[in-house]
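Chemist: Dropping a structure here in structure tokens format, bear with me for questions.
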Amino acid sequence: MEIVVFAKVFRKGNWEISEHRCSDEDVDAVEDSARAYAQNRLSVHPLPIDYLQAAKYVFEVACGPEDKPKEGDTRVHGVSVNAILIEVRDESSQSSHEPKKVA
């Protein structure tokens, strides 16, 4: 399975758009978390939203408050699972990010 996470990362005082192609370990963590979200809904198979929530759970670790972000804070806004994009539109974002096609 191929998973790419799209996020904003706070670096050097600014939010930057980031695209992270998951390693095998990252994929395992996101898949496990997505299955847990699916089980919470009493479902056997994860839905696309489960993968988005899972990516947030895995990558948004120890974030500071929105109004006072810390270096490295990450806000996930999308995930691509086997080239299927699941994305949340962030109204406060000043950047329009067009994800690259994942081959």
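What follows is calculated from the coordinates using simple rules that are stated; it is not laboratory data. For clarity, every value in this text was computed on a predicted model and none was experimentally measured. Backbone-built Cβ (ideal geometry, glycine too); neighbour counts: all protein chains shown.
Chemist: Show me the trypsin sites (Lys or Arg not before Pro) within region 1-58 that DSSP assigns to loop and that have at most 16 other Cβ atoms within 10 Å of their Cβ.
Modeler: Of the trypsin sites (Lys or Arg not before Pro), the ones in loops of region 1-58 whose Cβ has at most 16 other Cβ atoms within 10 Å are K12, R41.
Chemist: Further question on the same structure: Tally Lys/Arg at +1 and Asp/Glu at -1 over every other residue whose Cβ is under 12 Å from the Cβ of R41; what's the total?
Modeler: With Lys, Arg at +1 and Asp, Glu at -1, the net is 0.
Chemist: Neighbouring Cβ atoms within 10 Å as the yardstick, rank I17, I84 fewest first.
Modeler: Fewest-to-most ranking of I17, I84: I84, I17.
Chemist: Pick out, from G64, N40, V4, the residue whose Cα sits farthest towards the positive end of the charge dipole of the chain, with +1 on the Cβ of Lys and Arg and -1 on the Cβ of Asp and Glu.
Modeler: G64
Chemist: Would you mind working out the magnitude of the charge dipole of the chain relative to its Cα centre, with +1 at each Lys and Arg C-beta and -1 at each Asp and Glu C-beta, to the nearest 20 Debye?
Modeler: Dipole magnitude for the chain comes out near 220 debye.
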